[in-house]
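Before any comments, here is the structure.
Bear in mind that the values in this text are calculations on the coordinates, not laboratory data. No experiment lies behind these values; they were computed from the predicted model shown. Every residue, glycine as well, gets a Cβ built from its backbone with ideal geometry; the counts of neighbours run over all protein chains shown.
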């Protein structure tokens, strides 16, 4: 464990940025972008969706970066970013194993405490303005099946609605008896799969639905069924047994 602390402290304090390795890694990142975005239909659509969903907030930017970003970052960019983000005061230390709190603290004080703290990254002051109407993006690409994504603006992870949206997610898409799975996949045979995401985010994010229509099914038909199920949730109370099942699913996943 002490060797690990020594290695981590060295990495934080004296990271070696070798030009040859940096260029090699630039190629690795570009390859990852091709794999996860450019040659991945879900990744391509998701990137376009978030770019349309946000007009002001940095969440509109692709996490892996646009091709010009990957081609353009310099050694100075890397050093500045590393200094800002990778410092002991920004670290979370997780230790698992046959040790004690006292021993972990002793090693943390010995190896990590002497490394200078760094100022936090600049705060994001931009707040996404209210969306006044639907925004729709169509991506045309070679694909075996069409794909539909629908995003709804929601609060951040500390928002009082976040737990309710977590239960909503379970009601709609967790397990074979979930409403959207039951309706679109097993019932009306409109889709091969339905997913939803309610990610934990610092700033207000998107509740996202992903629907993969079956071969021969128009995406508009699957989209209409999705909205129909959401309307039912707005108008009709969810039975207590169904709510209990959703909560139990969330607890078991946790």
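Among 125, 79, a tally of other beta-carbon atoms within 10 Å of each Cβ gives an order, fewest to most, of 125, 79. Normalised by 2.2 N^0.38 Å, where N is the number of residues, the alpha-carbon radius of gyration of the stretch 148-253 equals 1.07. What FRET efficiency comes out for residue 25 versus residue 224 if R0 is 51 angstrom and r is the Cβ-Cβ distance? Round to the nearest 0.05. Using R0 = 51 Å, I get an efficiency of 0.65. How far is helix 2-13 tilted, in degrees, relative to the longest principal axis of the Cα atoms in the chain, given as a value from 0 to 90 rounded to the nearest 10? On a 0 to 90 degree scale, this one is about 90. The angle separating the long axis of helix 75-85 from the principal Cα axis of greatest extent in the chain is about 80 degrees.
From the square roots a ≥ b ≥ c of the eigenvalues of the alpha-carbon gyration tensor of the stretch 17-62, which class results: rounded (a/c under 1.5), prolate (a/b over b/c), or oblate? Cα axes put the stretch 17-62 in the oblate bin.
Sorted fewest first by neighbouring Cβ atoms within 10 angstrom, 230, 35 come out as 35, 230.
Helical content of the chain, expressed as a calculated mean residue ellipticity at 222 nm, amounts to -13500 deg cm²/dmol (DSSP H runs of 4 or more residues, -39,500 (n - 2.57) each, divided by residue number, nearest 500).
Here the stretch 114-141 and the stretch 191-205 have alpha carbon centers that stand 16 Å from each other. May I ask you to derive the FRET efficiency for residue 182 and residue 152 from their Cβ-Cβ distance with R0 = 30 Å, giving the value to the nearest 0.05? Computed FRET efficiency for residue 182 and residue 152 comes out at 0.90. Measuring nothing but how far apart in sequence close Cα pairs (under 8 Å, 6+ apart) lie, relative to its length, the chain scores a relative contact order of 17 percent.
Evaluated at q = 0.13, 0.16, 0.17 Å⁻¹, a Debye calculation over the C-alpha positions of the chain (equal weights, vacuum) places log10 I(q)/I(0) at -1.07, -1.27, -1.32. Against the chain, whose longest principal axis comes from its Cα atoms, helix 162-173 is set at around 50 degrees. Could you list 154, 96 in order of exposure, starting from the residue whose Cβ has the fewest other Cβ atoms within 10 Å? Exposure proxy ranking, most exposed first: 96, 154.
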